[in-house]
Amino acid sequence: LSHLSQRYTVHLACFIDDPDDWRHVDRLREICGECHFAELKPSIAKLRCLSGFVTGEALTLPFYRDARLGAWVRDLVGRREVGRCYVFSSAMAQYVTGDAFASLRRVMDFVDVDSEKWRQFAARKSWPVSRLYRREGQRLLQFDRAIAAAFDANVLVSAAEAELFGGANPALGLANPVSNELDHMRPSILPNLIAAAGRNADRGFPDLALFEVGPSYADDTPAGQASVAAGVRTGRTGARHWDRPPRSVDAFDAKADALAVLDAVGAPRGKLDLTQDAPEWYHPGRSGTIGLGKGALAHFGELDPRVLRRLGVEGRIAGFEVFLDSVPLPRAKPGKARPPFRPSPFQAVERDFAFILDQAVAAEKVVRAARGADKKLIARVSVFDLYTGKGVGPGKKSIAISVTLQPTDRTLTEAEIDAVAAKIVAQVKKATGGVLRG
């Protein structure tokens, strides 16, 4: 508060639950503009919190709900030109929610994540207390997530974590953090997800998938804030099975997750490029970037083991980041109803091709070139084999693809199939330099 008051006019509203803290009030009035101190009487607050069973909300919220404090905040914002609001603990966020506060730049400090504490308390208690604590953790977590989405910024990571994920920009540091360990705006959502995965692994839950949709920060300007969907997978895939043994998560799982998000937000899948230039916190040989033109829409891959070790997390983690603001909006289509499914009555035709090309050429480039040979007839292209070694030459590889042709108005003749095949070979050669393997 002393530091902020040197640069801004600071107005303060808070609870006082320890009678000894009233001796600090005069000093606070000296450095703040206007102040409101609400006495918190635990016995009354405990009775008040029971209303949460009626409303269905977390009991913490009515526990810290004070009508006079709320009226003071609303009156202050109405009278003063308040531009920014810093909230410590999510229970206090209820005083600055709603349309009346939408124009404020609101920062939420989650350093003391109460929903996580209640979850941990529940794990150490027996029924029925454990059930009550678990309910509190779940309901408060719902509120925390809503606040995180509504507020302009959230304090969540340390400077060391920020630096590991490209956030060495000094502008991301907070001048007055509540905790010395969590003093940076996050440049990536991944550190929080990795930390959550590590806590779960420490408690005996190593196989899981986590995601978050929220903001990340490149700098301290509005243009530096991005909306990101990110996720991580840890451990092994699936449950134990006699026919399909589980395997460790890998970059392909993260790639599938990233593409699923891009599909959901309407990204043009057929125009996406795949390159191997993911940021340094990903594994250099097991990661990639999905782009459109010269812009990156997503990063995916296994996280660099050196980064995980510095974060104190063991094991393999695969993750992804999708930059939602960079995805172009799909073109509006007339009507809202999906057209009826009309399967073709004509036999589909499958043809296999194997191309020899430079090892640096991505398989996705071959798939896109083949698909573009005849967009009307070609229904599907997939890679089914990759070979390097004897017979293909040094610095070369062989990629085999399967192409499905689906006519809609007649059965294809052999000549028509050969013509499409020739166009596929020519298109792949033009796009990649690959030649048909003999």
* Asked: Would you pick out the residues in segment 272-298 that are without any contact (Cβ under 8 Å) to a residue 60 or more places away in the chain and charged (D, E, K, R)?
  -> Asp277, Arg286, Lys294
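Quick grid of which residues meet (1) under 22 Å from Asp277 (Cα atoms); (2) within 35 Å of the chain's Cα centre (by Cα); (3) of a type in the set (Gly, Ala, Ser):
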site	(1), (2), (3)
Ala370	no, yes, yes
Lys376	no, no, no
Ser398	no, no, yes
Thr411	no, no, no
Glu414	no, no, no
Ala422	no, no, yes
Gly438	no, no, yes
* Test: Trp242 is more than 15 Å from the chain's Cα centre (by Cα) and modelled with pLDDT of 90 or more -> no
* Asked: Taking into account only those residues within segment 94-111 that are among the aromatic types (Phe, Trp, Tyr) and assigned to a helix (DSSP H, G or I), which is nearest to Gly52 (Cα to Cα)?
  -> Tyr95
* May I ask you to list pairs of residues, at least six apart or on different chains, whose Cβ atoms are under 6 Å apart, with the first in segment 417-438 being modelled with pLDDT under 90 and the second being β-branched (Val, Ile, Thr) and surrounded by fewer than 13 Cβ atoms within 10 Å (Cβ to Cβ)? => none
* Residues that are touching a Ser or Thr at 6+ places or on another chain (Cβ under 9 Å) and surrounded by 20 or more Cβ atoms within 10 Å (Cβ to Cβ), drawn from segment 290-310 -> Ile290, Leu297, Ala298, His299, Phe300, Gly301, Glu302, Leu303, Asp304
* If Ala360 satisfies every condition in (1) touching a Ser or Thr at 6+ places or on another chain (Cβ under 7 Å); (2) modelled with pLDDT under 90; (3) within 23 Å of Ile290 (Cβ to Cβ) but one, which is the exception? -> (1)
* What's the number of the condition Ser51 fails, among (1) out of contact with any Ser or Thr (no Cβ under 8 Å at 6 or more places or on another chain); (2) without any contact (Cβ under 8 Å) to a residue 40 or more places away in the chain; (3) surrounded by 19 or more Cβ atoms within 10 Å (Cβ to Cβ)? -> (3)
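Every residue, every condition in (1) part of a helix (DSSP H, G or I); (2) over 24 Å from Arg106 (Cβ atoms); (3) basic (Lys, Arg), yes or no:
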{"residue": "Ala13", "(1), (2), (3)": "no, no, no"}
{"residue": "Asp21", "(1), (2), (3)": "yes, yes, no"}
{"residue": "Arg27", "(1), (2), (3)": "yes, yes, yes"}
{"residue": "Ile44", "(1), (2), (3)": "yes, yes, no"}
{"residue": "Ala58", "(1), (2), (3)": "no, no, no"}
{"residue": "Ala71", "(1), (2), (3)": "yes, no, no"}
{"residue": "Cys85", "(1), (2), (3)": "no, no, no"}
{"residue": "Met92", "(1), (2), (3)": "yes, no, no"}
* Given the conditions (1) under 27 Å from Ser402 (Cβ atoms); (2) modelled with pLDDT of 90 or more; (3) of a type in the set (Val, Ile, Thr), report the number of the one that Val327 does not fulfil. => (1)
* For Gly78, state whether it is touching a helix residue (DSSP H, G or I) at 6+ places or on another chain (Cβ under 9 Å) and over 22 Å from Arg139 (Cα atoms). => yes
* Does Val96 meet the test of being buried (at least 16 other Cβ atoms within 10 Å of the Cβ), touching a Leu at 6+ places or on another chain (Cβ under 8 Å), more than 20 Å from Arg145 (Cα to Cα) and modelled with pLDDT of 90 or more? -> no
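For (1) in contact with a Gly (Cβ under 7 Å, 6 or more places away or on another chain); (2) modelled with pLDDT under 95, each residue gets a yes or a no:
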| site | (1), (2) |
| --- | --- |
| Gly270 | no, yes |
| Gly288 | yes, yes |
| Lys294 | no, yes |
| Val322 | no, no |
| Arg342 | no, yes |
| Ile356 | yes, yes |
* Asked: From the list Asp144, Asp202, which one is surrounded by 17 or more Cβ atoms within 10 Å (Cβ to Cβ), modelled with pLDDT of 80 or more, acidic (Asp, Glu) and out of contact with any Lys or Arg (no Cβ under 9 Å at 6 or more places or on another chain)?
  -> Asp144
* Structure fact -> Of the residues in segment 216-266, those that are under 19 Å from Arg316 (Cα atoms), crowded, with 21+ Cβ neighbours inside 10 Å and in contact with a helix residue (DSSP H, G or I) (Cβ under 9 Å, 6 or more places away or on another chain) come to Ala230, Gly231, Val232, Arg233, Thr234
* Any hit, segment 55-70, residues being in contact with a Cys (Cβ under 9 Å, 6 or more places away or on another chain) and under 30 Å from Gln6 (Cβ atoms) -> yes
* Asked: Is there a residue in segment 284-300 that is small (Gly, Ala, Ser), in a strand (DSSP E or B), more than 19 Å from Arg371 (Cβ to Cβ) and under 16 Å from the mean Cα position of the chain (by Cα)?
  -> yes
* To do: Scan segment 214-222 and give yes if some residue there is free of Cβ contacts under 8 Å to residues at least 60 places away in the same chain, over 19 Å from Leu259 (Cα atoms) and of a type in the set (Asp, Glu), otherwise no.
  => yes
* Filter segment 373-398 for residues that are buried (at least 18 other Cβ atoms within 10 Å of the Cβ) and under 20 Å from Val420 (Cα atoms) and give the result. => Ala373, Leu377, Ile378, Val381
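The values are calculated or read from the model by the stated rules, or taken from the named source; none is laboratory data. Keep in mind the model is a prediction, meaning the values are calculated, not measured. When we count neighbours, we look across all protein chains shown, and the Cβ atoms used for this are built from the backbone with ideal geometry, even at glycine.
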